[in-house]
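Please treat every number below as a calculation from the coordinates, not as lab data. These figures come from a predicted structure and were not determined experimentally. Here the Cβ positions follow ideal geometry from the backbone for every residue, glycine too, while neighbour counts run over all protein chains shown.
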Amino acid sequence: MRQYFLEDSRQMYIARTTFPSLTYPAISALLTEKPIDHTGIFGNQITDGARIVNFESPGNRPRLNDMIKDRNIFSRLGQIGFKTVSLDYAFQANASKAVNSTDIQAALDILNKHYFSVDQGLIQTLKSILSENDPKNWPDFIFVHLVGVDFTSHDLGPNSKEVKEYLRLLDSELASVFRVLTDAEVQKQRQIVTLLTADHGFDQDISSYFNLQEFVRHEDRGIQILNEGRYLGLKYPSYWSSEQKGAFINKIMQLSEMDIAAYREDENFFIQSKIQGTKVRYIPATCAESSFAISVMSQSPTCPENLGGSLNQLFYPFFISNLSYYFQSPGHPDAILLPRPGVSLKRGYKGQHGGPTSNEIYIPLLMRGSRLENLQRIPALWEVLRFMGR
Ligand SMILES: [Zn+2]
């Protein structure tokens with residue numbers, strides 16, 4: 001990877017992902033090339049009335065793909081005659097060709113923690129596409145989603161020796177792919193751009209588990225809870241008053257495991273930490289990424305993507321801007337509860353992500369065949385494919 005992406009003193013870029021720093025919102029944003037308010041995929045789980053729809057279960061994949069149908073990079077490129085391929089078991093969207101999402105062997109391999117077999121299979125398919133076809137006939141866009149680094153980091157911790165070993169395995173597996181791509185590039189058979197990035201980072205190693213879900217359930221069993229591991233999304237029963245919600249948030253924030261609560265009310269959302277509270281107001285506006293601007297603590301309105309300086313670093317990097325999309329996403333929860341870094345709300349994980357910390361939000365971005373124009377700006381994941389076909 002180092003040789004392929006970083007030779008000739010090229011640099012590794014840093015990009016940033018969505019809040020929540022979870023696979024389904026992040027990859028939806030990447031593929032739709034928009035922040036998460038455009039799709040309603042605001043978590044790995046969403047609600048459908050009283051039901052919870054979890055995109056991690058294969059039965060919900062058709063619905064996931066329906067939610068981004070005809071507004072994703074595959075459909076955009078398809079319209080200008082490009083051939084596209086998705087090597088991702090979850091996201092097929094409008095790809096001309098895709099791996100079989102009901103691949104039983106891949107599902108079993110994940111259950112049995114044979115993650116490398118899954119990734120190896122995907123890389124093998126990629127190799128076949130590239131080596132069995134003349135570069136002239138290659139697809140114009142191939143999307144590959146490898147899963148093993150994520151699973152291994154959950155099981156054994158993101159800083160574990162097993163994760164580093166896994167990366168070395170991937171590296172050697174990818175070497176022959178990079179060789180084929182370099183050959184085509186040297187022989188000027190095609191213009192080739194290769195990107196390698198991640199849908200999210202990981203929180204620091206998990207040091208404790210906290211059953212916040214039980215605490216919330218104890219308050220009122222009518223509260224709908226989306227437990228995403230590093231935060232809870234809540235939907236209050238319709239009979240809860242605004243005062244009751246406020247008192248509940250105050251009570252939650254007394255817990256030593258808590259870091260931040262955020263909630264939407266009318267055209268505002270509020271962020272509450274142990275030491276400070278912030279009010280953000282939505283203002284209708286035409287922004288590059290949204291149809292709203294935000295006014296933070298009654299200051300003059302700004303488009304979320306332009307929020308700069310200290311406001312953009314308040315609580316966590318890009319937190320206010322990311323939350324402004326979150327609380328505009330169709331069907332969004334009423335409130336989210338975030339525990340301190342290092343605390344997991346699901347039992348049995350050494351690594352977790354989904355939260356707003358810089359470890360979870362910032363992602364590496366390696367590029368060959370293209371460069372970032374403006375090094376002062378940290379690009380969002382939903383921007384990185386926009387150059388394609390333009
Ligand atoms: Zn994960």
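At what distance in nm do the modelled label points of S57 and N359 sit from each other, each positioned 7 Å from its Cα along Cα→Cβ?
For S57 paired with N359, the spin-label model returns 3.1 nm.
Determine the relative contact order of the stretch 99-154: mean sequence separation of Cα pairs under 8 Å and six or more apart, normalised by residue count, in whole percent.
Reported relative contact order: 38 percent.
Set the Förster radius R0 to 22 Å, insert the Cβ-Cβ distance between R10 and E165 as r into 1/(1 + (r/R0)^6), and round the FRET efficiency to 0.05.
Working from the Cβ atoms, E equals 0.25.
What GluC sites (Glu not before Pro) in the stretch 1-99 are in a loop by DSSP, with at most 10 other Cβ atoms within 10 Å of the Cβ?
E7
Let me have the relative contact order for the chain, percent, based on Cα pairs under 8 Å that are six or more residues apart.
28
Based on the Cβ-Cβ distance from S208 to Q299, what FRET efficiency comes out when R0 is 35 Å, to the nearest 0.05?
So, using R0 = 35 Å, E works out to roughly 0.40.
Stretched out fully, how many nm does the piece from D70 to E373 gain, at 0.36 nm a residue minus the Cα gap?
106.2 nm
Could you run the Karplus curve 6.51 cos²θ - 1.76 cosθ + 1.60 with θ = phi - 60° over the stretch 97-112 and give me ³J(HN,Hα) per residue in whole Hz, x for Gly and Pro?
9, 8, 5, 5, 5, 9, 4, 5, 4, 4, 5, 5, 4, 5, 4, 8
Quick one: Karplus J couplings for the stretch 291-299, per residue in order, coefficients 6.51, -1.76, 1.60, θ = phi - 60°, nearest Hz, x for Gly and Pro?
Along the stretch 291-299, the couplings run 9, 9, 10, 10, 10, 8, 6, 6, 6 Hz.
Semi-axes of the equivalent ellipsoid of the stretch 208-344: what are they in whole Å, largest first, if each equals the square root of 5 times a C-alpha gyration tensor eigenvalue?
Sorted largest first and rounded, they come to 26, 17, 13 Å.
If I stretch the segment between Q124 and S172 completely, what's the gain in nm (0.36 nm per residue apart, minus their alpha carbon distance), one decimal?
16.0 nm
Could you give the dipole magnitude of the stretch 208-344 about its Cα centre, charging the beta-carbon of Lys and Arg +1 and that of Asp and Glu -1, in debye to the nearest 20?
200
Give me the percent relative contact order of the stretch 208-344, please, defined on Cα pairs under 8 angstrom at least 6 residues apart.
Once normalised by length, the contact order is 28 percent.
Using just the helices of the chain, give the 222 nm mean residue ellipticity in deg cm²/dmol: DSSP H runs with n ≥ 4 each add -39,500 (n - 2.57), and the total is spread over all residues, rounded to 500.
-9000 deg cm²/dmol
Using only the Cα atoms of the stretch 172-218, construct the convex hull and provide its projected area averaged over every direction, in square nanometres to one decimal.
6.6
Past 21 Å, Cα to Cα, is the threshold; run K274/K346; K83/K127; K113/K350; K235/K346 against it and keep the listed order.
Exceeds cut-off: K274/K346.
Which listed residue (G78, I104, I129) has the Cα farthest towards the positive end of the charge dipole for the stretch 1-153, taking +1 on Lys and Arg C-beta and -1 on Asp and Glu C-beta about the Cα centre?
Result: G78, furthest along the dipole toward the positive end.
Which trypsin sites (Lys or Arg not before Pro) from the stretch 83-161 combine a DSSP loop assignment with at most 13 other Cβ atoms within 10 Å?
Answer in residue order: K113.
Once a ≥ b ≥ c are taken as the square roots of the eigenvalues of the Cα gyration tensor of the stretch 203-251, is the result rounded (a/c under 1.5), prolate (a/b larger than b/c) or oblate (a/b not larger than b/c)?
Here the stretch 203-251 falls in the prolate category.
Please compute the length gained on full extension between S291 and N268, using 0.36 nm multiplied by the number of residues separating them and subtracting their Cα-Cα distance.
That works out to 6.8 nm of additional length.
How large is the charge dipole for the chain, taken about the Cα centre, if only the Cβ atoms of Lys, Arg (+1) and Asp, Glu (-1) carry charge, to the nearest 20 debye?
Rounded to the nearest 20 debye, it is 300 debye.
Can you give me the C-alpha center-to-center distance between the stretch 187-256 and the stretch 55-78, rounded to a whole angstrom?
Comparing the Cα centres of the stretch 187-256 and the stretch 55-78, I get a distance of 23 Å.
Just flag the trypsin sites (Lys or Arg not before Pro) in the stretch 336-366 sitting in loop per DSSP whose Cβ has no more than 10 other Cβ atoms within 10 Å.
Filter output for the stretch 336-366: R347.
Considering only C-alpha atoms, what is the centroid distance from the stretch 1-50 to the stretch 315-390, in Å?
7
Rounding to the nearest 20 debye, state how big the charge dipole of the stretch 1-153 is about its Cα centre with +1 on each Lys and Arg Cβ and -1 on each Asp and Glu Cβ.
Roughly 220 debye for the stretch 1-153.
Please turn the phi angles of the stretch 357-363 into ³J(HN,Hα) values with the Karplus equation 6.51 cos²θ - 1.76 cosθ + 1.60 (θ = phi - 60°), one per residue in order, whole Hz, x for glycine and proline.
Here the 3J(HN,Hα) series is 5, 4, 4, 8, 8, 7, 9 Hz.
Give me, ordered by chain and number, the residues 5 or more places off T47 or on other chains with an amide H under 5 Å from its own placed amide H.
For T47, whose amide H was placed from the backbone, the distant partners under 5 Å are V53.
Normalised radius of gyration for the chain, please: alpha carbon Rg relative to 2.2 N^0.38 Å, two decimal places.
Normalised by 2.2 N^0.38 Å, the Cα Rg of the chain equals 1.00.
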